[in-house]
Amino acid sequence: MGMVSARPTLRPQMVAIDVDDTLLEEDLELRAECVEAIDAARRQGVRVILATGRMFSSVRPYAERLGLDDDYLITYNGGLIRSLAGETLWHKPVPASEAERLIEVAEREGFCLNFYIDDTLMVERIDDERVQYYVGIAGVDAVQVPSLRAALRQGEPTKCLFVGEAAEVPSLIQRLRPEFPELYISGSKPRFIEVTQQGIHKEVALEAVAAAYGVPMEAVMAIGDGENDATMIGRAGIGVAVANASEGAKRVADVVTKSTRGAGVCEALRQYVLR
């Protein structure tokens, strides 16, 4: 599409930005120009919200670097909305009964399963390559538990995440959706399957944050790349997919940037916000 909006839009009062493969570069670093562009938007009174599948503790360092001290962070694909100051807008975990069934799926399909309970990553084997792959991306420590079933006695998971081989992920997603109508199941990175409570995804969380700030959705811009970003891209007044986005994200976007990742974020901010 290029940097041309498909319909008339308001100048955004709020911008929601996905983190991995959108805001962050391949080396998981922030571009200096992104930090500057986001700071410029905030100085113009625009709220900037990070909307990610990551844990709260995993996205916190980036939010701190960007100076997002006052605004909510959408984490766990919307399962937890909380500010750096610790104010929680909502927490909507996966029911324990459904989480137990997911354990059975992981055992049956040979996938690794992560639980996120009380913002702690819980796994059965820290030395599993798939756990190490995830930890390397998220920049968090994993806690090894005797079993995931035992971990459920500590609380319900905010999110569950399957990690497997990229070639096997799409077919498992398609099989899981009819098997788990009470859960919302989506892909993010090629090896990941994200699982949250049904009705909990980035679009719903974004609507809740916008309502909390009194911002109409028509005045929200959402920027992302993955299948788990598609709902918020499609719902926002201006939906932006960066150039490296999935086909699903591009299909619902009003705008596809010419640049990838952080450069694409800056492109969108300059075109629609910093004018």
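The table below lists the values:
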| item | result |
| --- | --- |
| Residue within the range 137-153 that is in contact (Cβ under 8 Å) with a residue 60 or more places away in the chain, assigned to a helix (DSSP H, G or I) and surrounded by 13 or more Cβ atoms within 10 Å (Cβ to Cβ) present | yes |
| Test: residue in the range 201-209 that is farther than 14 Å from PHE162 by Cα, open to solvent by 10 Å² or more (accessible area, probe 1.4 Å) and in contact with a strand residue (DSSP E or B) (Cβ under 8 Å, 6 or more places away or on another chain) | yes |
| Test: residue in the range 37-47 that is open to solvent by less than 70 Å² (accessible area, probe 1.4 Å), closer than 30 Å to LEU152 by Cβ and either touching a residue at least 60 places away in the same chain (Cβ under 8 Å) or aromatic (Phe, Trp, Tyr) (or both) | no |
| Members of the range 172-193 that are open to solvent by 10 Å² or more (accessible area, probe 1.4 Å) and touching a His at 6+ places or on another chain (Cβ under 9 Å) | TYR184 |
| Residue selected from the range 65-105 under the condition among the small types (Gly, Ala, Ser) and surrounded by fewer than 19 Cβ atoms within 10 Å (Cβ to Cβ), by the criterion farthest from VAL35 (Cα to Cα) | SER97 |
| Residues satisfying the stated conditions in the range 1-25, i.e. modelled with pLDDT under 75, open to solvent by less than 30 Å² (accessible area, probe 1.4 Å) and among the β-branched types (Val, Ile, Thr) | none |
| Check on VAL273, within 19 Å of ASP39 (Cα to Cα) and at pLDDT 95 or above | yes |
| Residue, nearest to the chain's Cα centre (by Cα), within the range 107-122, restricted to residues that are closer than 14 Å to GLY164 by Cα and open to solvent by less than 60 Å² (accessible area, probe 1.4 Å) | ASN114 |
| Residue that is farthest from ASP27 (Cα to Cα) [pool: residues in the range 230-268 that are open to solvent by 30 Å² or more (accessible area, probe 1.4 Å) and over 18 Å from the mean Cα position of the chain (by Cα)] | ARG251 |
| Residue selected from the range 216-229 under the condition open to solvent by 10 Å² or more (accessible area, probe 1.4 Å) and under 15 Å from ILE17 (Cβ atoms), by the criterion modelled with the lowest pLDDT | ASN228 |
| Per-region count, the range 170-195, residues of a type in the set (Ser, Thr, Tyr) and either under 21 Å from ARG47 (Cβ atoms) or at pLDDT 95 or above (or both) | 1 |
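The values are calculated or read from the model by the stated rules, or taken from the named source; none is laboratory data. As the structure is a computational prediction, the values presented were derived from the model and not from experiment. Here the Cβ is made from the backbone with ideal geometry for all residues, glycine too, and neighbour counts use every protein chain on show. Ligands, DNA and RNA are stripped out before the accessible areas are found, and what is left, the full protein with its side chains, is counted by its heavy atoms. Shrake-Rupley method; radii C 1.70, N 1.55, O 1.52, S 1.80 Å.
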